[in-house]
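The values are calculated or read from the model by the stated rules, or taken from the named source; none is laboratory data. Here the structure is a predicted model, which means the values were calculated and not measured. We place every Cβ from the backbone using ideal geometry, glycine too, and count neighbours over all the protein chains shown.
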């Protein structure tokens with residue numbers, strides 16, 4: 001995605017294969033959560049990796065007003081990540097109260113599909129600037 005200015009203070013998104021920095025993403029999504037509850041999923045590799053990824057999550061949530069964001073802390077295999085994404089989306093929309101049960105839905109994906117933990121599938125919410133952490137099995141397990 002790339003942000004362009006079509007009019008003053010009105011960013012729009014367009015797809016691209018170019019890299020995009022955190023500030024550009026935050027600016028593009030500013031205020032998205034203001035009217036309706038929403039969740040943004042980042043399906044790219046390592047978006048939430050390390051201290052910089054956690055800072056991006058905190059900043060994105062604050063500026064966007066979104067209820068939650070999900071994504072990955074590591075390099076991801078596209079087939080495994082597609083299964084993770086589909087499991088999460090299916091469970092989110094099948095739940096009678098997904099916003100109340102968001103953490104449980106996320107944890108159910110971690111529990112039911114082992115690659116979700118290995119790939120660092122995380123959930124961030126504004127109530128907690130911390131992520132719902134995947135438990136990574138030890139090498140001896």
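Some notes on this structure:
- Selection from the stretch 70-95 of residues that are free of Cβ contacts under 8 Å to residues at least 12 places away in the same chain and not in a helix (DSSP H, G or I): 95
- Counting only residues that are surrounded by fewer than 20 Cβ atoms within 10 Å (Cβ to Cβ) and within 13 Å of the chain's Cα centre (by Cα), the stretch 86-101 holds 1 of them.
- In the stretch 27-57, the residues that are in contact with a strand residue (DSSP E or B) (Cβ under 6 Å, 6 or more places away or on another chain) and assigned to a loop (DSSP other than H, G, I, E, B): 42, 47, 48
- Here the stretch 21-40 is the region considered, the condition is being surrounded by 14 or more Cβ atoms within 10 Å (Cβ to Cβ) and closer than 20 Å to residue 76 by Cα, and the residue that is modelled with the highest pLDDT is 40.
- In the stretch 58-69 there is at least one residue that is in a strand (DSSP E or B), crowded, with 17+ Cβ neighbours inside 10 Å and modelled with pLDDT of 85 or more.
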